[in-house]
Structure formats: structure tokens, C-alpha cells
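Participant: Structure in C-alpha cells, see below.
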Amino acid sequence: AKVPCKVEKLQSWEAGEDLPTISQMKKLCAAYRRPLSVFYLPEPPRDFQTIRDFRKSNNEAGFSTALTFMIRELQSRQSWARDILLSENSERLPFIGKYAVNDNINAIAADIKSYINIDKCIHSKKPIDSLIEECENIGIFVSRTGNIHAKLGLDRDEVKGFALSDEYAPYIYVNSSDYDNSQKFTLVHELCHLWINSTGVSSGSYAELRSTPEEFDEIEVFCNAITAEILMPTQRMGELVAEIVPLGERISINYIDQLAKVMAVSSLAISIRLLNLGFLKQSEYHVIKKALDIRHEEYIEIERAKKEKMKESEGGPDYYVMQIRRYSRMFSSLVYGYYKSGIISSTTASGLLNIKINNFGNFEKKLFPTI
């Protein structure tokens, strides 16, 4: 339907009995999101292998079209970035694969925080932007988007994030259609994956921090534990509980909200952390979670209404800004810099950035707003 052609014609192409015209080939490239050269290869390329699925073990649906396309897009750009960085004799990033699964959680958490000032970022005016900037300053490309195009979005219930580990061009993807607190958790969680050199799509249930191997992949449980220690350190949590909760009183939702505000995380994440650290009993946690779930549903409805109102009053987001976020500002700057230096052609830059050549001027203004 997208090419367009008859089903029989498409089948004859796939069987090698007939060949499409160049015009039809270009339409196929757009439909399958593949470069033209792929169709001339003697056999299917192995560059885009399905990455590991760290989501719940009962998830047998596989990846949606949108998620598959997102993985392919970032893998292709990662491959290009790796090649160009190697050609420049760039040094490998020392933190990729620095640790292994089941190494000391506190040691890994401390090491990540030695590279990225996470505490400062999450308490800033724009926590996600600050975290992304810090990540890119140490060589990690961060993609943050919620859709492939206007009619094909990435469902936050399917994917909150994934990591593509590499010693020279590591990539992190964060689903921007998710809630702010969840995005912060996702980004830090994906950093943990890079520190143990683990590539894959992460679980969609970050709130469930409890170690339940029967429900989660071992690596996912491990990365969740590190993330919890980074965002809600054991020692700091103990100190805050002593400061906020009067001696002898049980921890109520009111106290949990106060703790969440200080730690800049969600109340649900705090309640689960308190359960894991032994400050809440299982029965107390279930009562609190029910109340938080009700409040969360109300919050979702309010946020949905806000977004609809913003769409009506402001129109759609700026295309160039969205493309920069989609492939990462660092990647966009890298590609555009090589184009301006004459090292790569305008056609190559256009394909990598998904920006038409005659729109490079507008793109540059968004990429370097202070110039």
C-alpha cells in the first residue's frame, strides 16, 4: 500500500522473479527504513540484530514496529559514529564494561556518580536536560523521543528505554512520552547497563524495584538495585526517615510525599525503596500503593488534559529540535561538524540527520542557538 504496488508484484520481487524500478526501490527504502544499498547485497545484512529483551519473561509479543525502527535508526547511527571516532583515533571510554553483573552495587553506584553529578542534575530546574548534557559530556549519545513520526509513537508501556553499549559510541534511548520522574530513573538505569556493558531493551516496570528473579531478568534486577542506590542511597534514606518521621510513628503517605520531594523521585519509588530497606512492612506497602495508584490515575488524566491544551495553543513541537533530541545533540553536532569541514558530503549528512539539505540553515540555528 505504501509503495504502492499489487501484492503479487511485491511477492515476485521478494522471490527474485522480478525487479522494482529505481522509483519503486526508493519507496521501498522509505517503507522499510533501509538504505538503498541494502537491496543490492547478495544476502540480508547482519548489522541490525534484534537486541536482548530485558522485559518481563512473560512478554512474548516481541518488539513493535515503532520500537524496531527506533533500534535500527540508533544502531545505524551508532555504527557510523563508531567508525568516524575510530578513524580519528579516539580513545575507548574507560567506564564501558568497567564492572560485571553481581559486582558490588555500592561501588558501581559511586563510580557512576564520579563521572556524572547526578544529585546536582536531578535537583536542577530541568533534570532530564541536565542529565543528558552530563552524559554527552563524557561521550554517551542520548536519544530522547516519543515517536518515529506523527502517526507512529513509542508506547511507554512497551519501552521506557534501552542501551546500546559500545566502547566508543554508546547510545541510550529514553522514551519522552513517559513521565518526568520515570524518565530520570530510566536514564540512570541505562547508565548502569553501560557500566556492565549490557545491551538491550529494559523492563517497563521500573517502579517494581524489588528483587524478583522469577519476574525479571537477572541483569535488570541488578541494574534496578544500582539505580535505587544512586537515586535513593541507603544511608541518606535512613537519615531522612529519622528527620521526617517522628520516633514511634508509622510511615504514612504524607511522610512518603515529603521524602519523595527531598529525593526528587516519585512517591511510589520511595515507598518501594522503604519496603526494600525494611522501613515498611509488606501489608503497609500494599495499603500505600493502592492509595498511590488511585492518585496516579488522577494525575494521568490531568497530564493528558494539559498536553491536549498545549497542542491546541502551541501547535506541534519544532521539527529541528525534535530531530536533534531524536539522534542526540552530540551526534547532530558531530555529523554537522564533519559536513561543515568538508569531510562528509551534504547527502551523507542529510541522511544521518534526517534533514533536507536546503533546510540546513534552519537546523544549524537550532543546533547552535547562541551563535
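The values are calculated or read from the model by the stated rules, or taken from the named source; none is laboratory data. Not measured: the values here are computed from a predicted model. Please note: Cβ atoms are built from the backbone with ideal geometry, for glycine as well, and neighbour counts cover all protein chains shown. To get the accessible areas, we keep the full protein, side chains included, count just its heavy atoms, and leave off ligands, DNA and RNA. Shrake-Rupley method; radii C 1.70, N 1.55, O 1.52, S 1.80 Å.
Participant: I'd like to verify a number: residues in segment 213-243 that are at pLDDT below 90 and either open to solvent by 30 Å² or more (accessible area, probe 1.4 Å) or in contact with a Pro (Cβ under 7 Å, 6 or more places away or on another chain) (or both), how many?
Facilitator: 6
Participant: Ok, one more. What pairs come out if I take residues in segment 346-371 that are over 26 Å from Leu36 (Cα atoms) and pair them with residues that are not in a helix (DSSP H, G or I) whose C-beta lies under 9 Å away, six or more apart or interchain?
Facilitator: Matching pairs, first to second residue: Asn362/Ile355; Glu364/Ile371; Lys365/Ile371; Lys366/Asp318.
Participant: Counting just the residues of segment 170-184 that are within 9 Å of the chain's Cα centre (by Cα) and of a type outside the set (Phe, Trp, Tyr), which one comes out nearest to Leu231 (Cα to Cα)? Walk me through how you get there before you give the answer.
Facilitator: At the first step, the residues of segment 170-184 found to be within 9 Å of the chain's Cα centre (by Cα) are 171-176, 183.
After this cut, where a residue has to be of a type outside the set (Phe, Trp, Tyr) as well, the list is 172, 174-176, 183.
Working: Ile172: 18, Val174: 17, Asn175: 19, Ser176: 20, Gln183: 13 Å.
It comes out as Gln183.
Participant: Every residue in segment 76-115 that is under 22 Å from the mean Cα position of the chain (by Cα) and acidic (Asp, Glu), please.
Facilitator: Asp111, the sole residue that qualifies.
Participant: To continue, here is another question. List the helices (runs of 4 or more DSSP H) that sit entirely inside segment 263-371 and contain at least 2 residues that are closer than 30 Å to Thr234 by Cβ.
Facilitator: Working: elements: 267-276, 282-314, 319-327, 329-340, 346-353, 360-367.
The qualifying helices (runs of 4 or more DSSP H) are 267-276, 282-314.
Participant: I need the full set of residues from segment 140-158 which are buried (at least 20 other Cβ atoms within 10 Å of the Cβ) and in a loop (DSSP other than H, G, I, E, B), in order please.
Facilitator: Correct list: Ile140, Leu154.
Participant: Given the criteria over 27 Å from Glu158 (Cβ atoms), open to solvent by 50 Å² or more (accessible area, probe 1.4 Å) and either assigned to a helix (DSSP H, G or I) or out of contact with any Asp or Glu (no Cβ under 7 Å at 6 or more places or on another chain) (or both), does Asp111 qualify?
Facilitator: On the way: over 27 Å from Glu158 (Cβ atoms): yes; open to solvent by 50 Å² or more (accessible area, probe 1.4 Å): no; either assigned to a helix (DSSP H, G or I) or out of contact with any Asp or Glu (no Cβ under 7 Å at 6 or more places or on another chain) (or both): yes.
Answer is no for this residue.
Participant: A further question on this structure: Hey, could you check segment 79-102 for residues that are touching a residue at least 24 places away in the same chain (Cβ under 8 Å) and of a type outside the set (A, V, I, L, M, F, W, C) and say which is surrounded by the most Cβ atoms within 10 Å (Cβ to Cβ)?
Facilitator: At the first step, the residues of segment 79-102 found to be touching a residue at least 24 places away in the same chain (Cβ under 8 Å) are 79-82, 84-86, 90, 92-93, 95-102.
Then drop every residue that is not of a type outside the set (A, V, I, L, M, F, W, C), which leaves 79, 82, 90, 92, 97-99, 102.
Working: Ser79: 15, Arg82: 16, Ser90: 15, Arg92: 13, Gly97: 17, Lys98: 17, Tyr99: 19, Asn102: 10.
Out of the qualifying residues, it is Tyr99.
Participant: Here's another thing I want to ask about it. Restrict the check to segment 309-316 and report whether at least one residue is open to solvent by less than 50 Å² (accessible area, probe 1.4 Å) and either without any contact (Cβ under 8 Å) to a residue 40 or more places away in the chain or over 26 Å from Val188 (Cβ atoms) (or both).
Facilitator: Yes: segment 309-316 contains one or more residues that are open to solvent by less than 50 Å² (accessible area, probe 1.4 Å) and either without any contact (Cβ under 8 Å) to a residue 40 or more places away in the chain or over 26 Å from Val188 (Cβ atoms) (or both).
Participant: Something else about it: Could you list, ordered by first residue, the pairs with Cβ atoms under 9 Å in which the first is in segment 282-308 and on the phi < 0 side of the Ramachandran plot and hydroxyl-bearing (Ser, Thr, Tyr) and the second is at pLDDT 80 or above and surrounded by 12 or more Cβ atoms within 10 Å (Cβ to Cβ), at least 6 apart or interchain?
Facilitator: Final answer for the pair search is Tyr285/Ser271; Tyr285/Ile272; Tyr285/Leu274; Tyr285/Leu275; Tyr299/Tyr179.
Participant: Residues that are outside any loop (DSSP other than H, G, I, E, B) and within 25 Å of Phe185 (Cβ to Cβ): does segment 88-105 have at least one?
Facilitator: Yes: one or more hits.
Participant: Which count do you get for residues in segment 14-39 that are touching a residue at least 12 places away in the same chain (Cβ under 8 Å) and of a type in the set (Phe, Trp, Tyr)?
Facilitator: Qualifying residue count, segment 14-39: 1.
Participant: So which pairs qualify, if the first residue must be in segment 118-130 and basic (Lys, Arg), the second must be part of a helix (DSSP H, G or I), the Cβ gap must be under 9 Å, and the two must be at least 6 apart or on different chains?
Facilitator: The qualifying pairs are Lys120/Ser130; Lys120/Glu134.
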